[in-house]
Amino acid sequence: MEDTANIKDLLKVLQKRWGLVLFLTLAAGIISSIISFYVLTPVYQASTQILVNQKKAEDQPVSATDLQTNVQLVNTYSEIIKSPVILEKVIKRLDLSQSPEQLEHQITINSQENSQVFSLTVTNTSAASAALIANTLSETFQDEIPKIMNANNVNILSKAILPEHNKPVKPNPLTNIVIAMFIGLIAGMGIAFLLEYFNNTIKEEQDIEDLIGLPILGSISKISPKQQDKLKRSLGSKQTGSESLES
């Protein structure tokens, strides 16, 4: 019974403060939409896939040792492709106005376990620039790796392309709005409960019963100004009639 009463009390507080909760929820959603659509800069991605595969003569089979070596080289190549040796050449080729460190932050390397293929993803505020940097980076890496590792085992499987309908990977306005409204809802409920907790005023009969622990036996209704005037006229007419009878 006590749990049921507590739940009813919580629902009563929400019903009483529903305007505040609704306002904060909508305000959070509106602010999030403004930031997502008009403040945050859209970010695009472009990816290319690279295969690490040692070239063999046509009559020479590929052994398990060769495959294992190629798999192990994926981790090494993932570090080399983001090294200043490669990035500086990409910056020079594309005449980019950024440092190798800044360009490195735009590059993400992903590889699956025991796979000879790894993907190279570039993020940029321009979809065209992301694709151009990804392709130039993979080509530069393919050209330079024989000089660095004395091995010709890098092949580009797929180039980064510019899709017809470019959609940024972030921000995601819908997700941001939903998250913001949820946070606004939780904040509104929290503030509503907090205000109710610190509210010591007595406004309803139930407040008196909760305070003193005794039932209400009766109450005096509030009389409106119109009702007060009507009551005064009624009492005045009765008093006049009484005076005429006495005379």
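What the table below lists for this structure:
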{"read-out": "Residue among Gln102, Gln98, Gln116, Gln106 that is of a type in the set (S, T, N, Q) and in contact with a Ser or Thr (Cβ under 7 Å, 6 or more places away or on another chain)", "value": "Gln106"}
{"read-out": "Leu162 vs. criteria open to solvent by 80 Å² or more (accessible area, probe 1.4 Å) and not charged (D, E, K, R)", "value": "yes"}
{"read-out": "Enumeration of residues in the stretch 1-51 that are open to solvent by less than 80 Å² (accessible area, probe 1.4 Å), in a loop (DSSP other than H, G, I, E, B) and in contact with a Ser or Thr (Cβ under 8 Å, 6 or more places away or on another chain)", "value": "Pro42"}
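The values are calculated or read from the model by the stated rules, or taken from the named source; none is laboratory data. Since we're looking at a predicted model, the values are computed, not measured. For neighbour counting, all protein chains shown are included, and Cβ atoms are generated from backbone atoms with ideal geometry for every residue, glycine included. Accessible surface is based on the protein model in full, side chains and every heavy atom, while ligands, DNA and RNA are left aside. Shrake-Rupley method; radii C 1.70, N 1.55, O 1.52, S 1.80 Å.
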